[in-house]
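Working notes, structure below.
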Amino acid sequence: MTRTLVLILALVVVPALLSPTVYAQITMASPSWAQLSAQEKQVLAPLASDWDNLDAQRKTKWRGIAQRYPSMGADEQQRIQQQMRSWSQLSPAQRQAAREQYKSLKQLPPEKKEDVRQRWQEYQSLTPEQKRELAARQPATPGAAGAARTTAPIMQSPATTQSVPGSAPAPAPAVRP
């Protein structure tokens, strides 16, 4: 009986004590696609089919990007749109592999991060044909990372792929939700 009373009080009293702004933020932290504003829907359109399956933290992250979007430069807006399209095409397993890879890259010491950045820039300068050739020559490795590498070139990373003499590494994931 006491637990029930405490629960009822918590459900009734806590929302009443919160300011309307805080209460709205708590209840809207995970809105459905239909609850997004027209501007958010326009910016986040590549994520529309997956939106209702995203957790509250990811929705909050993407909504923050949508709010900053109008103040971004045209190049940055284009980059964000491309990243969302690429992300939406990945399978859940590939997305998880990208998140794990991002975490591991983030934990690298500064000198290794610089090496990864340099190798990424070298890769960016390759022609599309050279990139395809490099991807075809990458040895398949066992495990989820290897599977992601062979099925989704966007998942390849300079930090985790073996180098082919005379060539640059494959790209790291661009979006990290």
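The values are calculated or read from the model by the stated rules, or taken from the named source; none is laboratory data. Quick caveat: nothing in here was measured; it's all calculated off a predicted structure. The protein model used for the area step is the full one, side chains on, heavy atoms only, and it has no ligands, DNA or RNA in it. Shrake-Rupley method; radii C 1.70, N 1.55, O 1.52, S 1.80 Å.
Key figures for this structure:
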quantity	calculated
Set of lysines near LYS113 by C-alpha distance (under 18 Å), chain-local residues within fewer than 8 positions excluded	LYS103
Sulfur and carbon atoms: percent of accessible area, segment 37-141 [1.4 Å]	49 percent
Principal axis dimensions, segment 26-120 - Cα atoms, whole angstrom, descending	44, 30, 27
Most to least accessible of ARG99, ARG132 (protein chains only, probe 1.4 Å)	ARG132, ARG99
